[in-house]
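Throughout, read-outs are computed from the coordinates displayed, never taken from laboratory work. On a predicted model such as this, the values are computed, not experimentally measured, just so you know. Here the Cβ is made from the backbone with ideal geometry for all residues, glycine too, and neighbour counts use every protein chain on show.
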Ligand code: URP
Ligand code: ZN
Ligand code: ZN
């Protein structure tokens with residue numbers, strides 16, 4: 001089956017062209033002016049619209065077991081939400097608990113996704129313990145098509161690794177050519193500060209950020225950077241939220257450390273006052289690292305604009321307000337961490353980034369698609385528009401005006417952190433390898449079209 005997208009303005013990370021795109025089977029086969037539709041081809045008129053490469057979310061949690069509960073989405077719900085919002089590839093964190101068998105965890109995560117996803121997907125393999133079985137499992141998992149790991153320097157007793165494990169994981173990654181993604185916060189500082197706050201009766205959600213101030217994150221980044229420098233491993237800092245952490249990462253990069261930096265859409269558009277909202281409403285905005293003082297937002301936007309920060313993710317971690325966030329009603333340390341945002345990332349980036357002049361269209365495509373594909377061994381199959389690439393395309397309507405609401409979202413969670421926010425522009429047509437999957441806010445595709453993307457390590 002062929003698909004012809006006519007008259008659109010094609011925007012990639014580094015180019016802007018008015019041209020038609022012909023997709024045959026699963027791939028883009030031709031780009032040019034005035035292309036004729038082959039017999040039987042589906043034709044989409046994209047006049048007045050942008051055509052972007054499918055967006056890639058490099059950091060999501062869909063079914064994460066965490067803090068005594070589970071993230072609420074399934075691949076069925078999350079992949080549809082992703083597609084409606086313009087995201088055509090998901091990279092989920094496969095997060096075994098410290099006591100879990102690594103290979104078994106990988107197989108379980110895979111079983112939850114395979115045949116159940118409407119969009120393509122892959123995983124960062126979590127290493128929450130490093131011993132002989134884990135090492136051999138990681139080697140096996142890399143052979144099955146995984147080229148990145150995930151480690152946590154936070155979450156004491158759950159996912160966090162100690163320094164010996166950190167060192168050995170980075171050495172193994174260096175040997176195998178993997179990228180190590182890392183949650184950087186000093187877990188001891190968090191743990192001690194949480195205990196002090198709770199003992200003082202300071203238990204409301206607004207205390208969450210007091211327990212993990214910017215220096216706690218900066219110390220985590222500094223720590224990872226020291227280990228990366230001495231092992232030569234390629235690293236990727238997930239969810240960087242503040243100036244102090246950015247300065248540590250940039251100083252390491254100056255010294256020659258291989259580090260890629262991710263921030264989140266939440267840190268770009270929300271600040272800590274949202275987590276201080278009265279009546280336990282702030283719990284909806286509890287995530288880690290926490291939302292920061294608003295003075296960090298221009299630092300992050302400018303970092304993106306100037307290429308200091310490479311990617312924008314969501315760290316999508318959906319926990320209901322009723323029944324899940326409320327587990328922490330009398331103790332903020334028990335509020336499951338996460339702000340669901342998978343469906344809204346692209347629209348928020350466009351509305352509050354591009355439309356407000358903070359970044360341009362190319363920086364948006366670069367951070368939410370191209371750099372992700374390049375960093376995680378998916379480029380040029382994903383992350384660009386060129387012959388031979390997968391036909392994952394987003395025909396984006398800049399004239400759309402709407403409002404975000406839990407009532408219309410596809411994410412399986414009982415609130416929207418952006419309820420009532422205005423949106424300017426949204427995906428009009430989204431394709432997955434040449435098939436239309438979403439149209440104007442609705443999923444219309446094949447719910448099982450998504451495939452596991454095998455990746456080959458490139459950092460050796
Ligand atoms: O608050 C967050 N970020 N929740 C998800 C788990 C993680 O740390 O990425
Ligand atoms: Zn994290
Ligand atoms: Zn995460």
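Full extension of the chain between residue 386 and residue 114 yields a length gain of 95.2 nm, computed as 0.36 nm times the residue separation minus the alpha carbon distance. Scaling the Cα radius of gyration of the stretch 208-362 by the globular reference 2.2 N^0.38 Å produces a ratio of 1.07.
Report, in degrees rounded to the nearest 10, the 0 to 90 angle that the Cα long axis of helix 296-305 makes with the longest principal axis of the chain. The angle comes out near 40 degrees.
Each part gets one Cα centre, and for the stretch 13-28 versus the stretch 397-436 those centres are 23 Å apart. Across the stretch 259-344, Cα-Cα distances exceeding 21 Å account for 32% of all pairs.
Between helix 132-143 and the chain, what is the angle of the helix's C-alpha long axis to the longest principal axis, kept within 0 to 90° and rounded to the nearest 10? For 132-143 against the chain, the angle is about 10 degrees. Calculated mean residue ellipticity at 222 nm for the chain: -8000 deg cm²/dmol, from DSSP H runs with n ≥ 4 weighted as -39500 (n - 2.57), summed, divided by the residue count and rounded to 500. The alpha carbons of the chain give a radius of gyration and a Dmax of 21.0, 73 Å, in that order. Its relative contact order, with pairs defined as Cα atoms under 8 Å and 6+ residues apart, puts the stretch 195-309 at 31 percent. The label-point distance for residue 419 and residue 306, in a model that sets each label 7 Å from Cα toward Cβ, rounds to 3.8 nm.
In the chain, the DSSP beta bridges split such that about 50 percent are antiparallel, to the nearest 5. Fewest neighbouring Cβ atoms within 10 Å first, the residues 393, 304 line up as 304, 393. Quick check: from the Cα gyration tensor, does the stretch 178-288 come out rounded (a/c under 1.5), prolate or oblate? Prolate is the answer for the stretch 178-288, as a/c is 1.5 or above and a/b outweighs b/c.
Please work out the Cα center distance from the stretch 33-86 to the stretch 144-168, rounded to the nearest Å. Between the Cα centre of the stretch 33-86 and that of the stretch 144-168, the gap is 29 Å.
This ranking places 183, 137 by how few other beta-carbon atoms lie within 10 Å of each, fewest first, which gives 137, 183. A convex hull fitted to the Cα coordinates of the stretch 408-460 yields 181 cubic angstrom per residue.
Quick check: the angle from helix 102-113's long axis to the longest principal axis of the chain, C-alpha only, nearest 10 degrees? It is inclined by approximately 40 degrees. For the chain, the relative contact order is 23 percent, taking Cα pairs closer than 8 Å that sit 6 or more residues apart in sequence and dividing their mean separation by the residue count.
Using only Cα atoms, locate the centre of the stretch 302-362 and the centre of the stretch 226-293, then give the distance between them in Å, rounded to an integer. Value for the Cα centre distance between the two parts: 12 Å. Convex hull volume of the C-alpha atoms in the stretch 306-454, normalised per residue: 153 Å³.
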